[in-house]
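Right, one structure below, let's go through it.
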Amino acid sequence: MPRVKRGTKRRANRAKTLERASGFFLTKSKLHRSAQEAVERALKFAYAGRKQKKRQYRSLWIVRIGAAAREAVGLSYSQFMHGLKLAGIELDRKVLAETATADAAQFAQIAAQAKAALATSAQ
């Protein structure tokens, strides 16, 4: 079996790590071992951050929808969402939040439908 020397592969791998670590502070951007640890840690945070971003956007949409529903027809967020379900309106939170901020009149119509559906179900 022939002998394999890893010189070029090793250099390329280290260069890639140092390239990813450019902009890090002091030895974390210059020495391979420190850079490797910093890059691995950064990638962990980046992975977690991509998951957190989804949660944060959903939370933002809920706040916007709740504020708009309270202003339009005086319903809380949970009552409004329940009214939408009863009315058979299947819009996701992203679309509802965008409608609430961009087109208040249309959102008010949707909210009125939700309120009417709540009123009919209560009787």
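Structural remarks
- Filter result for T27 (modelled with pLDDT under 95, surrounded by fewer than 14 Cβ atoms within 10 Å (Cβ to Cβ) and not hydrophobic (A, V, I, L, M, F, W, C)): no
- Whichever residue in segment 57-78 is among the charged types (D, E, K, R) and within 23 Å of the chain's Cα centre (by Cα) and, among such residues, is farthest from A112 (Cα to Cα): R58
- Residues in segment 79-94 that are within 21 Å of the chain's Cα centre (by Cα) and surrounded by 11 or more Cβ atoms within 10 Å (Cβ to Cβ): M81, L91, R93, K94.
- Residues of segment 1-47 satisfying the condition of being assigned to a helix (DSSP H, G or I) and polar (S, T, N, Q): T8, N13, T17, T27, S29, S34, Q36
- Subset of segment 30-67 that is of a type in the set (S, T, Y) and closer than 30 Å to T99 by Cα - its residue that is surrounded by the fewest Cβ atoms within 10 Å (Cβ to Cβ): S59
The values are calculated or read from the model by the stated rules, or taken from the named source; none is laboratory data. Only a predicted model underlies this, so the values are computations on that prediction, with no experimental measurement involved. Heads up, the Cβs are rebuilt from the backbone with ideal geometry, glycines too, and the neighbour counts pull from every protein chain shown.
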